[in-house]
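Reading through the structure tokens given below for one structure.
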Amino acid sequence: MLWVEALHIVAVVSWFAGLFYLPRLFVYHADAKDSLSNERFKVMERKLFRGIMTPAMIATLGLGIWLLHLQDYMWLRSGWLHAKLTLVVLVVIYHHLCLMHMKRFARDANTHSHVYFRWFNEAPIVLLLGIVILVVVKPF
């Protein structure tokens, strides 16, 4: 079980690294004026999303489900765990919002400013903070 937990943590760290970096790329992409920069950002975003973020998300969710399966079923009724899983669902939704924005940039159809993406970039920090507090503190 400790191996599964260790791999789960590595997958989470990898996923969140991408979730922190991709919206930062969106900030710079939204400000890009020349076609060379625009094309470079498209490649960077696509490779980050498809090569790192999505595999890390799949590994995180798969290993997380495995960890849930290994637990005592009484423990699965804990309120903090349900709250954490709700936040994980929100992270998955955020991941797909990133995909939506990436596809808009790929079509040169982005309508948001760099300011929007600066705010958009804050969501995974809030979600990660909530998840970590719930897992470590187990407040309820």
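The values are calculated or read from the model by the stated rules, or taken from the named source; none is laboratory data. Treat the numbers as computed from the prediction; the structure is a model and nothing was measured. Quick reminder, even Gly has a Cβ in these numbers, built from the backbone with ideal geometry, and neighbours come from all protein chains shown. Protein only, heavy atoms only, side chains kept; ligands, DNA and RNA dropped before computing areas. Shrake-Rupley method; radii C 1.70, N 1.55, O 1.52, S 1.80 Å.
Going through region 15-26 one residue at a time, which ones are in contact (Cβ under 8 Å) with a residue 40 or more places away in the chain and buried (at least 19 other Cβ atoms within 10 Å of the Cβ)?
Just the residues of region 15-26 that are in contact (Cβ under 8 Å) with a residue 40 or more places away in the chain, to begin with: 15-16, 19-20, 22-24, 26.
Result: TRP15, PHE16, LEU19, LEU22, PRO23, PHE26.
With respect to the conditions (1) free of Cβ contacts under 8 Å to residues at least 12 places away in the same chain; (2) polar (S, T, N, Q); (3) open to solvent by less than 90 Å² (accessible area, probe 1.4 Å), ASN110 falls short on a single one, namely (1). In the set HIS29, HIS95, only one residue is within 11 Å of the chain's Cα centre (by Cα), crowded, with 17+ Cβ neighbours inside 10 Å and not aliphatic (A, V, I, L, M); that residue is HIS95. If you filter region 44-63 down to residues that are in contact with a helix residue (DSSP H, G or I) (Cβ under 7 Å, 6 or more places away or on another chain) and more than 17 Å from VAL27 (Cα to Cα), you find that the one that is most open to solvent (accessible area, probe 1.4 Å) is ILE52.
Tallying residues that are assigned to a helix (DSSP H, G or I) and over 21 Å from VAL13 (Cβ atoms) within region 87-119 yields 13.
Those residues that are of a type outside the set (Gly, Ala, Ser) and surrounded by 15 or more Cβ atoms within 10 Å (Cβ to Cβ), I need them from region 67-84; list them, please. Hits for region 67-84 are TRP80, LEU81, LYS84. Restricting attention to region 115-140, the residues being in contact (Cβ under 8 Å) with a residue 12 or more places away in the chain, closer than 20 Å to PHE26 by Cα and not aliphatic (A, V, I, L, M) number 6. Can you confirm whether VAL92 is within 30 Å of VAL136 (Cβ to Cβ) and touching a residue at least 12 places away in the same chain (Cβ under 8 Å)? Judged against the criteria, VAL92 is a match. If you go through region 47-63 one residue at a time, do you hit one that is out of contact with any Asp or Glu (no Cβ under 9 Å at 6 or more places or on another chain), over 12 Å from LEU19 (Cβ atoms), aromatic (Phe, Trp, Tyr) and in contact (Cβ under 8 Å) with a residue 40 or more places away in the chain? So far as region 47-63 goes, no, none of its residues is out of contact with any Asp or Glu (no Cβ under 9 Å at 6 or more places or on another chain), over 12 Å from LEU19 (Cβ atoms), aromatic (Phe, Trp, Tyr) and in contact (Cβ under 8 Å) with a residue 40 or more places away in the chain. The numbered conditions (1) surrounded by 19 or more Cβ atoms within 10 Å (Cβ to Cβ); (2) in contact (Cβ under 8 Å) with a residue 60 or more places away in the chain are all true for VAL12 except (2). Among the residues of region 114-131, those that are over 14 Å from the mean Cα position of the chain (by Cα) and either open to solvent by less than 60 Å² (accessible area, probe 1.4 Å) or of a type in the set (A, V, I, L, M, F, W, C) (or both) comprise HIS114, VAL115, PHE117, TRP119.
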